[in-house]
Amino acid sequence: MVEVNRAIDSGVRYLQEIQRLDGSFAGAERMGQTALLTYALIKSGLTPEDSTVARALARLEVARHSGTYDQACLALALAAAGRPEDQQRLQRVLDTLVEIRGKRGTWAYPGGLEDLSNTQFALLGLHAGVKAGGTIPADLWRSVARAVGRYRAKDRGFSYQMGGNQGSQSMTAAGIGSLAICRLHLQQGAPKDPAPGDRLINDGLHWLDRHFGPQNHLYTWYGIERVGALTGRERIGGEDWYGVGAGAILGLQREDGSFAGDLPGTAYSLLFLNRATGPSTGKGARSSQTAKRWVYSLRQGGIHLQGIGRDPCQIWISAWSKPLRELHAWPGEIRRGLRITKVVWFVNGHAVKEIMSESTMANETQRFEFEQSFTQPGKYQVQAQVHLLAPPPGGEAGPGIADSIPRVVNSQAMLVEFKPKAFDPLVQVALEHARNLIDLARLDGQRASASASTKGAGHPAGLAIDGDYHTHWRAAQTDRKPSLRIKLKRPILADTILLTQPLSWPIQSGALPRVFEAEVEINGKLVGVIRMHSDERRKGRLSFSEPLKVSSMRITLTSVVPGADPEMGGGLGEVELLLGD
């Protein structure tokens, strides 16, 4: 497990290093990939408070999403983040997934044929969204289960499209996982009503048993993880699927922390190693980055408590001590647990949550989890008051509860410290990127034009208005007063201009010449001077006294700090216009 944890840490560091200033990740061609990577980071132990995740979520908040994969991965990321402010958006994503379902009952690429790969991601997103409090039509699970059954191949595996002859490991795992998700929700609604697909799941598992073995397809391993988590199987084909998969995946990790293949392969690897489909209290490995998740633990006394997160903090009962079991368990039920009727949670002596037991019989698995938001900084004492039914003296009682003795057992106090979230200026950078009026006009067909006093090789003026922080205009080294002129196709009403430094990739402080000061002219008139921030990832900013209709701009670099290469001239990464907060 130590080797697995190191691999997760290395993968997380790799993603942190390739994150762009706008919150996306280098190499992520679509927003769905940024969402998938964000989901993988959260499942690896980072919280929405971590700068990497917060910036990615900020990018996802304002980015455009289209198609099944984008929407499904966005649902996974938002549900995993668990932020109250995302709940309405998560519901809109679920509504969109329901709306774009195809005529044959499953999902497809925009304009393409329905396929099992799109379908499994749609169901993963819907499943995560519903678990996080979203809603979808109740009859969807049953109709989708029937439709997924049509992907069964003639050899009883599952194929990419309906009516295939041969199954594959990846698609058979997708079929089993999809049907298992549907079955899970159908059983919650009507436990005694058999869900469609039970026989198909069993056939698929038998197919996997016959075909399971080491392979290097990371997408397939993520599918195997979902099969194991959703069916409760620890072995496939007689093998420990997690051990075999972890061994294969570790062999595919590069020195920089990434995994073989494209960028989503790194996400699939992290999700497999973390056993991400399982519950938050499951068996998966975890990155040492979980120390950032504000983990709390109480392992003293009869009732052990666990907490994780900051706002809100998730708290649950993690274990019952052996002496407590021996004292209150019914005859023959020590391993099965205690007969709990309810748990009342207290914070600083005040009852804040009462959770009824799922059953009055012995129940080892229920953890009585709840979320607590703290409003003021400080230290809080959290306790669990457990109401249980103890057997009558003598231990001769039958299975009924008529002669049981009500008992109340209190845990010791677990100390939880709450500190307000610190402001992360790089999150603001990501949010502002999507509000850039010059780039929004470009996306709307109103492309601005740019020219410069000089340009360095391969770095023309237009790169300062292309919407990408990691391209830049660069002047010639001999240009002692570089200037950039921008002409807008149509006037833009704005009250703030932002300047971004030219950045190396990956970002290395001092690698490129850095602007220290710049003069700004709007429509031929000098409106002010921008002194750039000492952190080259931060933007220079000039706010106007009142909104201006901007037709043209001229930015003159009056002071430039040389970079590591004295032959490079100064320049700008991006020029942006904003209006309002």
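Within region 411-460, can you find the residues that are over 30 Å from L388 (Cα atoms) and among the β-branched types (V, I, T)?
V427, V429, I438, T454 - these are the residues of region 411-460 that are over 30 Å from L388 (Cα atoms) and among the β-branched types (V, I, T).
Out of the residues in region 111-141 that are charged (D, E, K, R) and modelled with pLDDT under 95, state the one that is nearest to G177 (Cα to Cα).
K131
Report whether or not L46 is at pLDDT 90 or above and assigned to a helix (DSSP H, G or I).
No, not satisfied.
Let me confirm something: among A147, A122, A138, which residue is of a type in the set (G, A, S), within 21 Å of R92 (Cβ to Cβ) and out of contact with any helix residue (DSSP H, G or I) (no Cβ under 6 Å at 6 or more places or on another chain)? Reasoning before the result, please.
Working: A147 fails: within 21 Å of R92 (Cβ to Cβ); A122 fails: out of contact with any helix residue (DSSP H, G or I) (no Cβ under 6 Å at 6 or more places or on another chain).
Going through A147, A122, A138 in turn, the sole match is A138.
If we scan region 503-517, do we find a residue that is on the phi < 0 side of the Ramachandran plot, aromatic (F, W, Y) and part of a loop (DSSP other than H, G, I, E, B)?
For region 503-517, residues on the phi < 0 side of the Ramachandran plot, aromatic (F, W, Y) and part of a loop (DSSP other than H, G, I, E, B): present.
Residue-by-condition table, conditions (1) assigned to a strand (DSSP E or B); (2) among the small types (G, A, S); (3) modelled with pLDDT of 85 or more:
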| residue | (1), (2), (3) |
| --- | --- |
| G284 | no, yes, no |
| K292 | no, no, no |
| S297 | yes, yes, no |
| H304 | yes, no, yes |
| I317 | yes, no, yes |
| R325 | no, no, yes |
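Quick test of your reading of the structure: D9 fulfils all but one of (1) assigned to a helix (DSSP H, G or I); (2) within 15 Å of G265 (Cβ to Cβ); (3) not polar (S, T, N, Q). Name the failing condition by number.
Every condition holds for D9 apart from (2).
What are the pairs, 6+ residues apart or on separate chains, where a residue within region 35-60 that is within 11 Å of R83 (Cβ to Cβ) has its Cβ under 7 Å from a residue that is surrounded by fewer than 24 Cβ atoms within 10 Å (Cβ to Cβ) and of a type in the set (D, E, K, R)?
T47/K292; T47/R293; P48/R83; E49/R310; E49/K421; A54/D424
State all residues of region 441-484 that are in a loop (DSSP other than H, G, I, E, B), under 17 Å from Q501 (Cβ atoms), small (G, A, S) and at pLDDT 90 or above; if no residue qualifies, say none.
A475 - this is the single residue of region 441-484 that is in a loop (DSSP other than H, G, I, E, B), under 17 Å from Q501 (Cβ atoms), small (G, A, S) and at pLDDT 90 or above.
Take S543 and decide whether it is of a type in the set (S, T, Y) and closer than 21 Å to Q19 by Cβ.
It is false that S543 is of a type in the set (S, T, Y) and closer than 21 Å to Q19 by Cβ.
Only one of T266, T172 is within 24 Å of N5 (Cβ to Cβ), touching a strand residue (DSSP E or B) at 6+ places or on another chain (Cβ under 9 Å) and surrounded by 24 or more Cβ atoms within 10 Å (Cβ to Cβ); which?
Details: T172 fails: within 24 Å of N5 (Cβ to Cβ).
Exactly one of T266, T172 is within 24 Å of N5 (Cβ to Cβ), touching a strand residue (DSSP E or B) at 6+ places or on another chain (Cβ under 9 Å) and surrounded by 24 or more Cβ atoms within 10 Å (Cβ to Cβ), namely T266.
Restricting attention to region 402-429, report how many residues are within 23 Å of I303 (Cα to Cα) and at pLDDT below 85.
Here the count works out to 3.
Quick check on my filter: what residues within region 526-581 are crowded, with 16+ Cβ neighbours inside 10 Å, in a loop (DSSP other than H, G, I, E, B) and in contact with a strand residue (DSSP E or B) (Cβ under 8 Å, 6 or more places away or on another chain)?
Of everything in region 526-581, those that are crowded, with 16+ Cβ neighbours inside 10 Å, in a loop (DSSP other than H, G, I, E, B) and in contact with a strand residue (DSSP E or B) (Cβ under 8 Å, 6 or more places away or on another chain) turn out to be M532, E536, K539, G563, M568, G569, G570, G573.
The values are calculated or read from the model by the stated rules, or taken from the named source; none is laboratory data. Note that the structure is a prediction, hence the values are computed from the model and not measured. Backbone-built Cβ (ideal geometry, glycine too); neighbour counts: all protein chains shown.
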